[in-house]
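K.L.:
The structure is given below, and queries will be raised subsequently.
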Amino acid sequence: MKNLSILGSTGSIGQSTLDVVARFPDRFKIRALAARRSVERLAEQCRRYRPEAAAVIDAEAADALQRLLGPNSGVEILYGDEGYRSAATLASIDTVVGAMMGAAGLKPTLAAIEAEKDIALANKETLVVAGAIVMQAAARKGVRIAPVDSEHSAIFQCLSGQRRQDLSRILLTASGGPFLRTPASEFAEITAEKALKHPNWQMGSKISVDSATLMNKGLEVIEACHLFDVSSEKIEVVIHPQSIVHSMVSFVDGSVIAQLGMPDMKGAIAYALSYPERLDIGLSAPDFFELGTLGFERPDIERFPCLELAFAAVRRGGTMPAVLNAANEIAVEAFLAGRAGFTEIPVVVEKVMDRVPHTENPELDALLEADAEAREEARCLVK
């Protein structure tokens, strides 16, 4: 029996993780759940999975959750940074599923690592903001970090059993998002409603917008650098509209290994939770006769400058990836709220990257300070 804490249980990844858990009640037990303010959904999850603890963002949300669950639920209600830390470090937990949105997942993930909990990581911003610190802590504590992103899960699977010195390149696939064929002249008219309609994947609002701008792929590049200890020069983004090839790895002899599957996050989630086993989660293999052909093309950096901004950030290193991520979170938030246009997202990010002072080899406090400064700068730009 593997005992789990799910940080971000009410989001798309968290809900998919609970779907996997529900299929295998003899293999997984939910010990803690955490969300921000989706207290009604969190209450439903608590009633079904009966965790020891549930954490939310603040006292107001905690009071609302307590009212929904009643006084005799048996669930300890936690809140704030300390609540999230507790939900990630309960003594009964074996593995923490990091699925909180944005940089908010960093502190509880680090706390879980320090408590020697294995990590199933879906929150890419944790490694974008503080990848070196997180990976060093995991190595020091002997903690396994299993990727939940479909692309990084694919790379992990492709590298399994291979000699790392034989690696030539990582080929990180991207669907291209809903505006792959949209002329740049029409980008100014893109609304949040249009951006949220991803052609292949069911995702939350923030990651859907990131996929539309290709920033999500840029963040995945940074994440891959840390997960697989490679430089960005060894990573190439390949547009693959069908989302069947989840990523590929090429080797020094010219061989390429690819991992394929239907576009459903439950496959990567189940593999991260059960590694090295594979679970029958009811997904079918692609029907290649029905698919016919699979397409691949280069990303258009002029139409999607966020991808190049992410490459620039990881090449610069230090605090720059944290600044990139923070500025993007604020810009996307403004776009979703109707306070910024689609084309303003990369403009805000680039301006913030230019304005916030850069620090080489930062400690965690410096990274958090850069994150906060970048957010404030971005907020001023989108007002």
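K.L.:
Can you run down the residue pairs with Cβ atoms below 9 Å, 6 or more apart or on separate chains, where the first is in region 357-383 and assigned by TED's automatic domain parsing to the domain that holds ALA322 and the partner is among the basic types (Lys, Arg) and part of a loop (DSSP other than H, G, I, E, B)?
P.N.:
VAL382/ARG339; LYS383/ARG339
K.L.:
Then there's this: Output yes when any residue across region 118-136 is free of Cβ contacts under 8 Å to residues at least 24 places away in the same chain and assigned by TED's automatic domain parsing to the domain that holds ALA53, and no when none is. I'd like the intermediate steps shown before the answer.
P.N.:
Let us first name the residues in region 118-136 that are free of Cβ contacts under 8 Å to residues at least 24 places away in the same chain, namely 136.
Still in the list and also assigned by TED's automatic domain parsing to the domain that holds ALA53: 136.
The answer is yes, given that some residue of region 118-136 is free of Cβ contacts under 8 Å to residues at least 24 places away in the same chain and assigned by TED's automatic domain parsing to the domain that holds ALA53.
K.L.:
Would you be able to say whether some residue in region 349-368 is at pLDDT 95 or above and under 23 Å from PRO199 (Cα atoms)?
P.N.:
no
K.L.:
I'd like to verify a number: residues in region 292-302 that are among the aliphatic types (A, V, I, L, M) and either loosely packed, with under 11 Cβ neighbours inside 10 Å or touching a strand residue (DSSP E or B) at 6+ places or on another chain (Cβ under 8 Å) (or both), how many? Even if it seems obvious, please write down each step before you answer.
P.N.:
Initial filter on region 292-302 (among the aliphatic types (A, V, I, L, M)): 294, 301.
Next, from what is left, pick out any that are either loosely packed, with under 11 Cβ neighbours inside 10 Å or touching a strand residue (DSSP E or B) at 6+ places or on another chain (Cβ under 8 Å) (or both): 294.
Here the count works out to 1.
K.L.:
Out of the helices (runs of 4 or more DSSP H) lying entirely within region 3-92, which hold 1 or more residues that are of a type in the set (Ser, Thr, Tyr) and surrounded by 17 or more Cβ atoms within 10 Å (Cβ to Cβ)?
P.N.:
It comes to 12-23, 39-49, 80-89.
K.L.:
Looking only at region 238-254, which residues are of a type outside the set (A, V, I, L, M, F, W, C), in contact with a Leu (Cβ under 7 Å, 6 or more places away or on another chain) and over 20 Å from MET215 (Cα atoms)?
P.N.:
SER250
The values are calculated or read from the model by the stated rules, or taken from the named source; none is laboratory data. Just so it is clear, the model here is predicted, and its values are computed rather than measured. Backbone-built Cβ (ideal geometry, glycine too); neighbour counts: all protein chains shown.
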